[in-house]
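A quick write-up on the structure given underneath.
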Amino acid sequence: MSVRNREPPSRGPITISPTSVALEAGNWQAASSFNVKNDTGQILYQIRVKLTIDHPHIRIQDCTIEPQNPTDAPQTEIGQIGEESEGKKAMYLVIKRLNPGEIWHFTITKCSPYIPSTKPILYATILSFDEEPAPA
């Protein structure tokens, strides 16, 4: 059974940890990160994650977001930019396949050399996933 564009519940089969990340700025001596985990016993496909930043001077499209699973890098699509409410931009990433219990680790760097008085926060949200692979 295919479940397209299914919106997972807050404690659903896919976990993002943490869902909000304080971004480091300035010289980038430290990177920020988050994880995406499949908490089910089945393979999930086309996991769509929305990333936004809540700061007036930091733009999500200026950030570098990289998976730290290098052998599976072709399994992700990162960088689709779309409009969010109130004129903010959102970045979308897609994990094409996430095995049962598998955890993907992502790092965020280079958002801005500007050091704001308050740290910008990146928010990550699961939008949807599929229970069957996308048609070829």
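Here are a few things to note about the model shown:
- Residue in the range 80-103 that is at pLDDT 65 or above, assigned to a loop (DSSP other than H, G, I, E, B) and at positive phi present: yes
- For the range 67-76, the tally of residues that are surrounded by fewer than 15 Cβ atoms within 10 Å (Cβ to Cβ) and modelled with pLDDT of 70 or more stands at 1.
The values are calculated or read from the model by the stated rules, or taken from the named source; none is laboratory data. Quick caveat: nothing in here was measured; it's all calculated off a predicted structure. We place every Cβ from the backbone using ideal geometry, glycine too, and count neighbours over all the protein chains shown.
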